[in-house]
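Data first, discussion second: the structure below is written as C-alpha cells.
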Amino acid sequence: MAQVSLKGITRQFGNVMAIEDITFKVPDHAFWVLVGPSGCGKSTVLRTIAGLESITRGELYIGEKLVNNIPARQRDVAMVFQNYALYPHMSVAENIAFGLKMRRENPQAIANRIQEVARSLDMEYLLKRKPKQLSGGQQQRVALGRAIARKPQVFLLDEPLSNLDAQLRDDTRTELKQLHQRLGITTIYVTHDQVEAMTLADRVVVLKDGKVQQIGSPQAIYAHPANSMVAGFLGNPPMNILPATYDSDRFIIFNNQSIPLNSVLKQQLQPSQGQKFDIGIRPEHIALHHSESDKNEPNSLNLEVSVVEPLGRETLVKAIAPESNLVLNLLTDAYWQGRKGDRLAVKFDLEQLFVFDPNSGITISN
C-alpha cells in the first residue's frame, strides 16, 4: 500500500487543457473519489496516475517514488475499467491469474491466490466459466478480482458500476466498500454519480473543466460547498440556485416576490441597494404551507406545480414561479395529493440559505 501525491499535475493535448494544476495527496489505505460532470477531467487524472497518459507538467509520487517517467507496468497499480476489459477466450480463473503469470510467479502460489480472491468475492462457482457466460455484475467482480489478485499498492477504479442496473449497482457499491475495509488498499475511484461519491468516499475531489473545485469529506462538502457548482452538483435532488437582488433588507426573487434577510446574514454580506446575488436552498429546506392562514404570511412565496414525482417515502415536486422560467425542487410527504397546475405557497428555512457571488460562483455565506 502507498500514498499517492499529485503536485501541479497538468495534461495538455495540443491547445486543449484536459487537466490543470491538480494537487492533492491520497493517504495510505484511504478511499478517495473523483467526481464531476462528463468531460471534467476525472478519468484523465486517473489515467495519469496509472501511467496511461503522460504528464505535461507537475510531479506524481506513489509512495516516496517519483513515477513521472516510470512505465505503467512498473508502477504497481491495478486499474479496473468501465467496460471490464476481460479476456473473452480465458476462463474466470485464467483472467484472475493473468497478471500473476506475467510476473512469472509460482504456479502453486497463483492457484492459492485465485482461490483466495474467489472466496473474498463470492465467485468460486464461476471460476471455470468464460466472460460471455457471466452477468454484468459477475463480470465486474472478475475485473475486481483480477486487480486484487496482484496485491497492488494502489487500486484505480474508472466508473466501474456505470454499466450495471440500479439494484446491482447498489449491491456492488456495498461490496466495494466492504472489500476496501477488509483489504485496506489505497483506492482512487472515478464516477459522475454523486450518490456513489457520497456513500463510498473518505474524501471527495470535485472537478470541473479540468480543475479541482473542492476537496473534503462528503458531509463537509455537502454542508459547506465552496461554490455554486459544487452546491448544485452534490445532492439529490440538487440544490435550488436562484438569482436575487437586494432591496431594503430583503432578497427580491421571482419578479416581485421576496424573502427577508436576518440580521446575521445582513451583517455578513453588508449588501448595497440593488446588489445582485445567487441564493441557494436545498429541497429539504423548503416548507410547503398546508393551511390558508400560512399562505397569507408575508414571507410566503407563490409557485405553480409543474411536475409531481412520487419517490415512495417522499414526493418530489417541481414548481415554477408565475411569470418566470425558474423551477424549484422541493420535497413533501409521500401522501401529498397535489397535481400539475396547482398553486402552492412555500417558505424557505432562512437558517439554511446559501449565498453565492453571481460572477465567480464562490460561496459568500452558508
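The values are calculated or read from the model by the stated rules, or taken from the named source; none is laboratory data. Since we're looking at a predicted model, the values are computed, not measured. Cβ: placed from backbone, ideal geometry, glycine included. Neighbour counts: every protein chain shown. The protein model used for the area step is the full one, side chains on, heavy atoms only, and it has no ligands, DNA or RNA in it. Shrake-Rupley method; radii C 1.70, N 1.55, O 1.52, S 1.80 Å.
The number of residues in the range 113-165 that are in contact with a His (Cβ under 9 Å, 6 or more places away or on another chain) and modelled with pLDDT under 90 comes to 2. Tell me, yes or no, whether the range 123-141 has at least one residue that is open to solvent by 10 Å² or more (accessible area, probe 1.4 Å), within 18 Å of residue 26 (Cβ to Cβ) and either out of contact with any Gly (no Cβ under 8 Å at 6 or more places or on another chain) or part of a strand (DSSP E or B) (or both). Within the range 123-141, not a single residue is open to solvent by 10 Å² or more (accessible area, probe 1.4 Å), within 18 Å of residue 26 (Cβ to Cβ) and either out of contact with any Gly (no Cβ under 8 Å at 6 or more places or on another chain) or part of a strand (DSSP E or B) (or both).
The rows are residues; the columns are (1) surrounded by 20 or more Cβ atoms within 10 Å (Cβ to Cβ); (2) of a type outside the set (Ser, Thr, Tyr); (3) at pLDDT 95 or above; (4) touching a Gly at 6+ places or on another chain (Cβ under 6 Å).
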site: 211; (1), (2), (3), (4): no, yes, yes, no
site: 214; (1), (2), (3), (4): yes, yes, yes, no
site: 230; (1), (2), (3), (4): yes, yes, yes, no
site: 234; (1), (2), (3), (4): yes, yes, no, no
site: 247; (1), (2), (3), (4): no, yes, no, no
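Condition check: surrounded by 16 or more Cβ atoms within 10 Å (Cβ to Cβ), hydrophobic (A, V, I, L, M, F, W, C) and within 22 Å of residue 330 (Cα to Cα). Does residue 241 satisfy that? Spelling it out, residue 241 is indeed surrounded by 16 or more Cβ atoms within 10 Å (Cβ to Cβ), hydrophobic (A, V, I, L, M, F, W, C) and within 22 Å of residue 330 (Cα to Cα). When the residues of the range 58-111 are filtered to those that are on the phi > 0 side of the Ramachandran plot and charged (D, E, K, R), the one that is farthest from the chain's Cα centre (by Cα) is 104.
Take the range 31-57 and flag every residue that is touching a helix residue (DSSP H, G or I) at 6+ places or on another chain (Cβ under 9 Å) and in contact (Cβ under 8 Å) with a residue 40 or more places away in the chain. Of everything in the range 31-57, those that are touching a helix residue (DSSP H, G or I) at 6+ places or on another chain (Cβ under 9 Å) and in contact (Cβ under 8 Å) with a residue 40 or more places away in the chain turn out to be 31, 33, 34, 35, 36, 37, 50, 53, 54, 55. Residues that are surrounded by fewer than 16 Cβ atoms within 10 Å (Cβ to Cβ) and part of a strand (DSSP E or B) were ranked within the range 315-340; the one that is farthest from the chain's Cα centre (by Cα) is 333. Applying the criterion of at least 1 residues that are among the β-branched types (Val, Ile, Thr) and in contact (Cβ under 8 Å) with a residue 24 or more places away in the chain to the helices (runs of 4 or more DSSP H) found wholly in the range 187-233 leaves 194-200, 228-233. Going by what's in this entry, would residue 183 be described as surrounded by fewer than 19 Cβ atoms within 10 Å (Cβ to Cβ), farther than 18 Å from residue 41 by Cα and touching a Gly at 6+ places or on another chain (Cβ under 7 Å)? Considered against the rule, which asks whether it is surrounded by fewer than 19 Cβ atoms within 10 Å (Cβ to Cβ), farther than 18 Å from residue 41 by Cα and touching a Gly at 6+ places or on another chain (Cβ under 7 Å), residue 183 comes out as no.
Checking each residue in the range 152-176 for being open to solvent by 40 Å² or more (accessible area, probe 1.4 Å) and out of contact with any Asp or Glu (no Cβ under 9 Å at 6 or more places or on another chain) picks out 163, 165, 166, 167, 168, 170, 171, 174.
Could you count how many residues in the range 1-15 are open to solvent by less than 40 Å² (accessible area, probe 1.4 Å) and charged (D, E, K, R)? Adding up the residues that qualify gives 1. Considering the range 343-366, and only residues there that are assigned to a loop (DSSP other than H, G, I, E, B), open to solvent by 20 Å² or more (accessible area, probe 1.4 Å) and at pLDDT 90 or above, the residue that is farthest from residue 276 (Cα to Cα) turns out to be 349.
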